[in-house]
1. Of all residues in the range 48-81, which are β-branched (Val, Ile, Thr) and part of a helix (DSSP H, G or I)?
2. Give the range 62-106 a look and list any residue that's within 26 Å of Ile23 (Cα to Cα) and modelled with pLDDT of 90 or more, or say none.
3. So which residues in the range 61-92 are hydroxyl-bearing (Ser, Thr, Tyr) and over 16 Å from the mean Cα position of the chain (by Cα)?
4. Which of the residues belonging to the range 8-21 are open to solvent by 80 Å² or more (accessible area, probe 1.4 Å) and outside any helix (DSSP H, G or I)?
5. Restricting the search to the range 22-53, which residues are open to solvent by 40 Å² or more (accessible area, probe 1.4 Å) and either closer than 19 Å to Asn71 by Cβ or touching a residue at least 12 places away in the same chain (Cβ under 8 Å) (or both)?
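The values are calculated or read from the model by the stated rules, or taken from the named source; none is laboratory data. Everything numeric here is computed off the predicted structure, so don't read it as measured data. Ideal geometry is used to build each Cβ from the backbone, glycine not excepted, and the neighbour counts take in all protein chains shown. Keep in mind that these areas ignore ligands, DNA and RNA; they rest on the heavy atoms of the full protein, side chains included. Shrake-Rupley method; radii C 1.70, N 1.55, O 1.52, S 1.80 Å.
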Amino acid sequence: MFALLVLFVSLLWHPISMIVFLIVFVGWIFFYLSRAEPLVVFNRTVDDRAVLIALGVVTIVALVLTRVWLNVLVSVLTGGLIVGLHATFRVSDDLFLDEEEAADVL
């Protein structure tokens, strides 16, 4: 979630690019993420791999045509670095209770 926030903030100075990527994002949600049944075009079933490849190509073309590919790359790498640092330094020892400890609390 934080990586998407960094990407959003980096695109604030490129409003046309933000609009294009919102359209691409809606395409990803509609054509790939929210479907339970296969995509049917002209009474033919389209494989999920073909949809994934087509959406990937559309995303890369949108990156190149809007000329913000370097900005997006740096934003995604920055978000990934921050998420990686968070995962490295997070202490997960206190996130669960043993059954004996839970019984003692009650």
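1. Result: Val51, Ile53, Val57, Val58, Thr59, Ile60, Val61, Val64, Val72, Val74, Val76, Thr78.
2. Selection gives nothing.
3. Selection gives Thr66, Thr88, Ser92.
4. Matches in the range 8-21: Leu12, Trp13.
5. Leu22, Ile23, Phe25, Trp28, Phe31, Tyr32, Asp48, Leu52
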